[in-house]
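Working notes, structure below.
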Ligand code: MG
Ligand code: ZN
């Protein structure tokens with residue numbers, strides 16, 4: 001026996017296990033007729049308000065469950081619950097993203113046949129949630145004009161791994177002196193075909209366009 005070194009790529013291993021768990025989740029969602037959307041974005045980009053706006057417009061049409069991922073607190077789930085929507089809070093404690101196994105464990109005792117649509121609000125973080133599929137049919141990333149003009153260029157992988165991009169807080173474009181067209185061009189450079197929706201979750205602008213992109 002020579003002094004052989006075996007290097008195990010823990011990251012690869014972790015990602016592989018997550019992909020498997022995500023595939024199981026996707027099968028379970030399909031079986032129960034759930035349309036599931038994974039909403040990602042940094043802290044303060046407006047994920048919760050966006051989900052609130054969607055629930056307001058879709059609450060009569062669909063039975064909705066909102067799953068909120070946060071390190072601590074149930075502030076976001078509580079906000080959405082005020083719209084008459086069922087909510088479930090996952091506190092990850094130290095994990096900076098949700099993974100497929102956490103979602104599976106959290107939903108274990110939930111009767112999924114009660115819901116048509118599930119919005120999962122991921123932990124506020126623009127980086128790693130994109131690397132952990134949860135079994136959702138679409139991953140939506142929200143960027144906000146308050147993050148400055150370069151957030152797209154700095155996070156190309158996140159854009160590559162998503163199915164649609166929401167540019168939120170467009171009502172602030174003038175005040176922040178940000179060129180929204182330039183941000184959209186940056187997105188297009190990474191993915192020419194990805195749907196891009198300009199939204200103000202606050203004023204309601206673009207919410208119907210987003211609903212169309214989600215196919216709801
Ligand atoms: Mg939130
Ligand atoms: Zn993370």
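The values are calculated or read from the model by the stated rules, or taken from the named source; none is laboratory data. Predicted, not measured: the structure shown is a model, and the values here were computed from it. Here Cβ is always computed from backbone atoms with ideal geometry, including for glycine, and neighbour counts include all displayed protein chains.
When you look at residue 2, is it more than 17 Å from residue 100 (Cβ to Cβ) and modelled with pLDDT of 95 or more, yes or no?
So residue 2 does not fit the description; no.
So residue 64 passes all but one of these: (1) more than 15 Å from the chain's Cα centre (by Cα); (2) more than 14 Å from ligand 2 (Cβ to nearest atom); (3) farther than 19 Å from residue 213 by Cα. Which condition number does it fail?
So residue 64 meets the others, but not (3).
Suppose we filter 134, 126, 98, 172 for residues that are more than 26 Å from residue 24 (Cβ to Cβ), within 16 Å of ligand 2 (Cβ to nearest atom) and touching a helix residue (DSSP H, G or I) at 6+ places or on another chain (Cβ under 7 Å); which single one remains?
On inspection, the qualifying residue turns out to be 126.
Look at residue 120 and say whether it is within 19 Å of residue 201 (Cα to Cα), within 14 Å of ligand 1 (Cβ to nearest atom) and in contact with a helix residue (DSSP H, G or I) (Cβ under 8 Å, 6 or more places away or on another chain).
Judged against the criteria, residue 120 is a match.
Which one is surrounded by the most Cβ atoms within 10 Å (Cβ to Cβ), of the residues in the range 154-173 that are modelled with pLDDT under 95 and more than 15 Å from residue 196 (Cα to Cα)?
Of everything passing the filter in the range 154-173, 155 is surrounded by the most Cβ atoms within 10 Å (Cβ to Cβ).
Does residue 110 qualify as being surrounded by fewer than 21 Cβ atoms within 10 Å (Cβ to Cβ) and either under 22 Å from residue 214 (Cα atoms) or more than 10 Å from ligand 2 (Cβ to nearest atom) (or both)?
Criteria met by residue 110.
Can you name the helices (runs of 4 or more DSSP H) wholly within the range 141-188 that have at least 2 residues being without any contact (Cβ under 8 Å) to a residue 24 or more places away in the chain?
Per the criteria, 173-176.
Within the range 53-77, can you find the residues that are surrounded by fewer than 19 Cβ atoms within 10 Å (Cβ to Cβ), within 13 Å of ligand 1 (Cβ to nearest atom) and closer than 22 Å to residue 169 by Cα?
75
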